[in-house]
Amino acid sequence: MSRIAYVNGRYLSFRDAKVHVEDRGYQFGDGVYEVCEVRGGRLINARRHLARLDRSLGELRIRAPMSTKALGVVLREVVARNRIGYGVVYLQVTRGVARRDHAFPAPEVKPSLVVTARALNRARNEALAANGIAVISMPDNRWGRVDIKTIGLLPNVLARQAAIEQGARDAWFVDRDGAVTEGASANAWIVTPAGKVVTRPADRAILRGITRTVLFEAVKAQGLAIEERAFTLEEAYGAREAFVTAATQIVLPVVRIDGRLIGNGKPGPVATALRRAFHDFAEAG
Ligand code: PDD
């Protein structure tokens, strides 16, 4: 079956799914995106993802391509046309197509909207979670507004590549104070030796992950104490557990940071329980 993408008003086969060379996303990274989990053919936490999209668009003064309700219809249609049971749907909005000039196009042009979906291998994801992943740390060299989910991801791309070249799966960014900000495409968490679940406050130094927000409910329901505060790399090395959260992988245990074993080097009970509980708190629609 050929894959179908939504591109500016049309559902097209991948072969024909193209955007103009002067799209500002292509030229400047002038756009925003969302990635939403699909499970049992249903969108997970779509309402929250679309609310965050709205915020990202507002921060960059990009016009919404259509209403939130209509966007929801397009997302569902792309999932259905690609027959995705378990996977992700990707949505990207850019400022549109205009002659290359850094300033916003005047008069304003229509924003571009692209939506794609793809299946993920569930068995492979579960195996990854059962084994846990290794991460490396590196200085956070991103811009000051990573709270906006922009498509400008070059530092994240380079970080992820460096991780893979060093035999790890992901990278954790560390700020100038030695505190972990987040992963290259996920939020970072630790469980302290005293059993407290710690993650950085959602200031401008991290993306306010939807998985992160929903997981707070799961943490509370397990009767665990949460501390929303910055933690250093040193503290993470000595943590009982570590894990990352993102829509693509939900809760993924981290068993090694910079080559040091976390806890006993195996996925811990907190991360494992939270992964299992997450969807009880998520919205499926
Ligand atoms: N990334 N931090 C960063 C830098 C991210 O790119 C992501 C998600 C998250 C987690 O956000 P959420 O829980 O809403 O997925 C945190 C997506 C999955 C991606 O770029 O593919």
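The values are calculated or read from the model by the stated rules, or taken from the named source; none is laboratory data. Just so you know, these numbers come straight off a predicted model, no measurement behind them. Cβ coordinates were reconstructed from backbone atoms using ideal geometry, including for glycine residues, and neighbour counts include every protein chain displayed. When the accessible area is computed, the model is the full protein with side chains, heavy atoms only, and any ligands, DNA or RNA have been set aside. Shrake-Rupley method; radii C 1.70, N 1.55, O 1.52, S 1.80 Å.
Which FRET efficiency value, to the nearest 0.05, is calculated for Ala130 and Ala202 with the Förster distance at 35 angstrom and r the Cβ-Cβ distance?
Numbers: r = 29 Å, r/R0 = 0.83.
For Ala130 and Ala202, the calculated efficiency is 0.75.
Against the main long axis of the alpha-carbon atoms of the chain, helix 269-281 sits at an angle near 40°.
Look at the Cα gyration tensor of the chain: its axes a ≥ b ≥ c give a/c of at least 1.5 with a/b over b/c, and that counts as prolate.
Leaving out ligands, DNA and RNA, what percent of the accessible area of the stretch 126-175 is carbon and sulfur, probe 1.4 Å? Show your work: numbers first, answer last.
On the way: 1380 of 2390 Å².
That share works out to 58 percent.
For the pair the stretch 6-25 and the stretch 43-64, the centres of their Cα atoms are 20 angstrom apart. Rolling a 1.4 Å probe over the heavy atoms of the protein chains gives the chain an accessible area of 49 Å² per residue. Taking packing as the residue-averaged number of other Cβ atoms within 10 angstrom, the listed peptides 50-56, 218-224 run from highest to lowest as 50-56, 218-224.
Rounded if a/c is under 1.5, else prolate if a/b is larger than b/c, else oblate: which is the stretch 125-280, with a ≥ b ≥ c the root eigenvalues of its Cα gyration tensor? In terms of gyration-tensor shape, rounded. Where in the stretch 245-282 does the label zone of Arg47 land, with the point 7 angstrom along Cα→C-beta and an amide N cut-off under 17 Å? Backbone N within reach: 279-282.
Pairs spanning more than 29 Å between alpha-carbon atoms, out of Lys69/Lys196; Lys18/Lys149; Lys149/Lys266: Lys69/Lys196; Lys149/Lys266.
For the listed peptides 9-15, 168-174, a ranking on the average number of other beta carbons within 10 Å per residue, highest first, reads 168-174, 9-15. Of all aspartates and glutamates in the structure, the ones whose alpha carbon falls short of 14 Å from that of Lys110, not counting any fewer than 8 places away in one chain, are Glu22, Asp23, Asp30.
Peptide packing: for 69-79, 89-99, the average count of neighbouring Cβ atoms within 10 Å per residue gives the ranking 89-99, 69-79, highest mean first.
The C-alpha atoms of the chain define a longest principal axis, and helix 68-81 lies at about 80 degrees to it. The sum of -39500 (n - 2.57) across all DSSP H runs of n ≥ 4, divided by the residue count of the chain, sets its helix-only mean residue ellipticity at 222 nm to -9000 deg cm²/dmol. The string of couplings for the stretch 153-159 from the Karplus curve (6.51, -1.76, 1.60, θ = phi - 60°) is 10, 4, x, 5, 4, 5, 5 Hz, one whole number per residue in order, with x for Gly and Pro.
With a/c under 1.5 counting as rounded, go ahead and sort the stretch 1-99 into rounded, prolate or oblate using the C-alpha gyration tensor (a ≥ b ≥ c being the square roots of the eigenvalues; past the cut-off, prolate if a/b is larger than b/c, else oblate).
Working: a/c = 2.21, a/b = 1.24, b/c = 1.78.
Oblate.
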